[in-house]
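Here's the structure, in structure tokens; my notes come after.
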Amino acid sequence: MKKFYSNKIAIVLFALPALALFTVMVFYPIVQVFLKSFYDWNGLGSGTFIGLDNYTTLFKDTVFHLSNKNALIFAIVITVFQMTLATIFSIVVSNKKMKGRGFLRVSYFIPVVLSVTVVCQLWLAILNTDTGLLNAIFKALGIDFQQNWLANRHKAIYVIAFVNAWQWMGYQFALLMAGIKSIPSDYYEAAKIDGASSIMAHRKVTIPLLKETYKICLTISLTGGVKAFTEMFIMTKGGPGNATYTLTYLMYKAAFREFRYGYGMAAASMLVLQCLAIILIINWLFRDKEERSERKCNKRMARQLSQ
Amino acid sequence: MRKLTALVLCGVLCISTLVGCSKKANNEKAENKTTNTTETTTTTTEETEALPEGVLSEEKATLKIYAQYADEDTKVPYDYAVEQLKVAYPNVTLELEPQAQDDGQKLMTYAATGNLPDIYQVALAQIENFKQSGNIMVLNDVAKSTGFEDKVFDSAKNILYNEDGNIYAFPYAGNEYVVWYYNKAIFEKYNVEVPKTFDQLLTAIETFKANGIVPMSMFGAEGWITAAMYDVLATRWDAGGIAKLDNGEGTAKEDAYAKAADMLHTLVKAGMFQGSVTTTNYDQASEMFLNGEAAMFLNGQWYMTDATNKLGDDVDWMYYPSYDEASYEAGKTVWSGGGAAAGYAVNPNSKNAELAAKVAAFLSEKYCEAKVMYRGTPLVALDVDVQPETEFPAMMKKLQADLPAITSITKFDWHLSNATFKTALEDQTKYLMIEDYTPEEFIKELNNALQQ
């Protein structure tokens, strides 16, 4: 192994294809996005350099602020929903004594393999004001809670976030399940001997040891929430009006419907920065905890040694 | 064994890649061959003066065309035009790529990557973009040499010439109209008079709702129809409607536009539309009207044939209601709708640009013929010498009788040249379809868009 790492040519040869692909397919377009955001550009030709004008307009745009607010709501709703349920379900399903584990495992994951369009159409039918299943259930139960689920300017974003959360919860569930499986059973046995209940064992063993998995789950759901687009595109077209716009939708509208590609690129740049900020914050939060726990451990050990 | 499998897979990958490349190379060879043949044929054609009867050119070429081909209204004219093309241009083959319903994104991508088809259908907003980037051919000469220009109805000249006086596309649709349809049988059943004023309309809404009938079904998932609804109301106060705003001749803060927004908000609150109006698509809304679940329906005049086929004599159209009877009478000659300098355009970088332009003109003319003959609409751009296969629907005859008296038309949403205003109008009129969005917010946002 040491010999391999000392072979610089081999390292370069192996890393180069992936690096080249990343540079061409990801890095170069991102650089282009930032560059073009300083241009008045209609998508064709080279455009005119206008400095920060696109950004000035963007920050004054009420839809930009609404989009950010919606993205935040969307990200929080799906993160809370997915991570809470995925944690509960994965812990429950990981119990070997439980009957029907296989069935539940598949059931939770099925929405993930469905096409987003299919899921959205399914929920559109369920949420239909006049003929939808949801309103019909409320009516049958005599509960006066029937409403225009997707036509409410304040609630529509929550409804769409729920649809996304419902579909992708299974993905988080699969990640957490894989994480739980990698925890040695000795830890639980030790906890049991120490008198810990099942809930206590999961609280003190499972969840702390899933820290890295949670980090990935959090990154996926928060960045996924911030750049949400598909559900609103299919279900509400950003509506009613622009009530369910996110930054991605704003970018789409500016570039593809208004042919203001420069403005769209400014929105896209903000999106890239937001995603980067989220990743940095998550990394910082988790690294900080790691360091803190390491420091605490060291202190404890030092105290024990001195005694 | 693993090594062997990996080797076989790599081999398959390499071979398939090479086959793909070789196919492309073959295609390129074939294209070159076609070009050479075309050049040879062109020379031969020029040398040969007499062409067989009905043949306009014997040039040989395969042309790529990007055109609408989705429903009967687009398939029937296209298929007819292709059949006619086989006679007039026997050596021209069309390779159709149906147009995607994607706000023109695919076409933009083609233009940006230099892959525009030889002939393509284009909307006005894109013409402006393509003009700047040199992706659209000026068709003035071809329009003259083919006689296309002379065949355009005087009343449709506005849809032939661009703002700069040039011809960039061969139109086939004439000026079209937003029509307020209603189900006569439902109106009679519930003793509701055809409303002339908004007050009468509100009374009708109340009656229909009390009897479980949706007053008007609307496909609010599509922004153009909500924009049309707003335009219909705006024209009651200002004949310029949304066209005036698009042309930069007014602001959304003007009285007419504020009153129209107020009126639409009132109608929405009164329950004029179905509950899920903002997510209802065309098929769903149309079904509601055709099945008798809804009493009224807003659409273009092209819907007359389908409506008549399904509802027979029970369907008719009404003049747009207005704020009082006097303005109702005066407003009978003021319509929402219109046309724009859009249609079949040609890629100037096409190897067969001249031929493509002639074919585009030919196709547009044949579209007009097919629309008159098979689609029951005389509202086409060209004066074509054909008779309808069946009689025009009664509603169309009624509209035809009114056409000479029409003094003002506005624009359809897709004919708006200011893309930012168009998008805002679509979004904001959809927003007005919900009760808790105020007309003041609507006006403010629309005005913001106009100022951008």
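Once you charge only the Cβ atoms, +1 for Lys and Arg and -1 for Asp and Glu, what is the size of the charge dipole of chain B about its Cα centre, to the nearest 20 debye?
Here chain B has a charge dipole of around 1440 debye.
Averaged over A:253-262, how many beta carbons belonging to a partner chain fall within 10 Å of each residue's beta carbon?
Average per residue, whole number: 6.
Among B:S286, A:S46, which comes first, then next, by fewest other beta-carbon atoms within 10 Å?
Least to most surrounded, the residues fall as A:S46, B:S286.
Just A:K237, A:K97, A:K227 to compare: in a GNM of chain A, with alpha carbon springs under 10 Å, which one fluctuates most?
Comparing A:K237, A:K97, A:K227 in the GNM, the peak value goes to A:K97.
Any idea what the dipole of the protein assembly as shown comes to, in debye rounded to 20, about its Cα centre with Lys/Arg Cβ at +1 and Asp/Glu Cβ at -1?
Roughly 6440 debye, rounded to the nearest 20.
What helices in chain B pass both tests, a Cα length along the helix axis of 27 Å or more and a mean Kyte hydropathy of -0.5 or higher, using whole DSSP H runs?
B:2-47, B:353-374
Kindly point out which whole DSSP H helices in chain A project their C-alpha atoms 30 angstrom or further along the helix axis while averaging a Kyte-Doolittle hydropathy of 1.0 or above.
A:62-94, A:156-181
Put +1 on the Cβ of every Lys and Arg and -1 on every Asp and Glu Cβ in chain B; which of B:Q451, B:N349, B:Q68 then has its Cα farthest towards the positive end of the dipole?
Towards the positive end, the residue furthest out is B:N349.
Residue by residue through B:430-437, how many Cβ atoms from other chains fall within 10 Å of the Cβ on average?
6
What is the fewest-to-most order of B:L202, A:L150, B:L379 by other Cβ atoms lying within 10 Å of their Cβ?
The order, fewest Cβ neighbours first, is B:L202, B:L379, A:L150.
Can you give the local net charge around A:S197? Use residues other than it whose beta-carbon is closer than 13 angstrom to its beta-carbon, Lys and Arg +1, Asp and Glu -1.
Taking every other residue near A:S197 into account, the sum is +2.
Among A:T56, B:T74, what is the fewest-to-most ranking by other Cβ atoms within 10 Å?
By the 10 Å Cβ count, ascending: A:T56, B:T74.
If you build a Gaussian network model of chain A, linking Cα atoms that sit under 10 Å apart, which residue out of A:A191, A:A255, A:A178 swings the most?
Looking only at A:A191, A:A255, A:A178, the biggest GNM fluctuation is shown by A:A191.
Please give me the summed charge of the neighbours of A:L134: other residues whose Cβ is under 15 Å from its Cβ, Lys and Arg +1, Asp and Glu -1.
0
Would you be so kind as to identify which of A:I88, A:M235, A:L210 lies farthest towards the positive end of the dipole of the range A:72-241, taking Lys and Arg as +1 and Asp and Glu as -1 on Cβ and the Cα centre as origin?
So the residue furthest toward the plus end is A:L210.
Which one of B:S286, A:L114, B:G174 has its Cα pushed farthest toward the positive end of the charge dipole of the protein assembly as shown, where Lys and Arg give +1 and Asp and Glu give -1 at the Cβ?
A:L114
Taking N as the number of residues in the range B:260-412, what value does Rg over Cα atoms divided by 2.2 N^0.38 Å take?
Relative to the 2.2 N^0.38 Å estimate, the range B:260-412 comes out at 1.29.
For a quick check, take a GNM of chain A with Cα springs below 10 Å and name the residue from A:A201, A:A86, A:A243 with the largest mean-square fluctuation.
A:A201
Counting DSSP beta bridges with both partners in chain B, what percentage is antiparallel, nearest 5?
Looking only at bridges with both residues in chain B, the antiparallel portion is about 55 percent.
Give the average, rounded to an integer, of partner chain Cβ atoms located within 10 angstrom of each Cβ in B:416-427.
The shielding value for this peptide is 4.
Just to be sure I understand: of the beta bridges DSSP finds with both ends in the protein assembly as shown, what percent are antiparallel, rounded to 5?
Percent antiparallel among DSSP bridges in the protein assembly as shown is about 55.
Net charge near B:T251: determine it from the other residues with C-beta under 15 Å of the C-beta of B:T251, scoring Lys and Arg +1 and Asp and Glu -1.
Its environment carries a net charge of -3.
Under a Cβ-only charge scheme (Lys and Arg +1, Asp and Glu -1), can you give me the dipole magnitude of the range A:72-241 about the Cα centre, in debye to the nearest 20?
That gives the range A:72-241 a dipole magnitude of about 260 debye.
Determine the shape class of the protein assembly as shown: with a ≥ b ≥ c the square roots of the Cα gyration tensor eigenvalues, call it rounded for a/c under 1.5, and otherwise prolate if a/b is greater than b/c, oblate otherwise.
oblate
Pairs B:K86/B:K106; B:K366/B:K422; B:K259/B:K422; A:K36/A:K60; A:K215/A:K237; B:K332/B:K398: which are spaced more than 24 Å apart, C-alpha to C-alpha?
Checking Cα-Cα distances, B:K86/B:K106; B:K366/B:K422; A:K215/A:K237 exceed 24 Å.
Do any chymotrypsin sites (Phe, Trp or Tyr not before Pro) in the range B:61-125 lie in a loop, going by DSSP, with at most 16 other beta-carbon atoms within 10 Å of their beta carbon, and if so which?
B:Y69
With the Cα gyration tensor of chain B giving a ≥ b ≥ c as the square roots of its eigenvalues, does the rule (a/c under 1.5 for rounded; else a/b larger than b/c for prolate; else oblate) give rounded, prolate or oblate?
It is prolate, given that a/c is not under 1.5 and a/b is the larger ratio.
Values in this text are rule-based calculations from the coordinates and carry no lab data. Since this is a predicted model, take the numbers as computed values, not measurements. All Cβ positions, glycine included, derive from the backbone under ideal geometry; neighbour counts span all protein chains shown.
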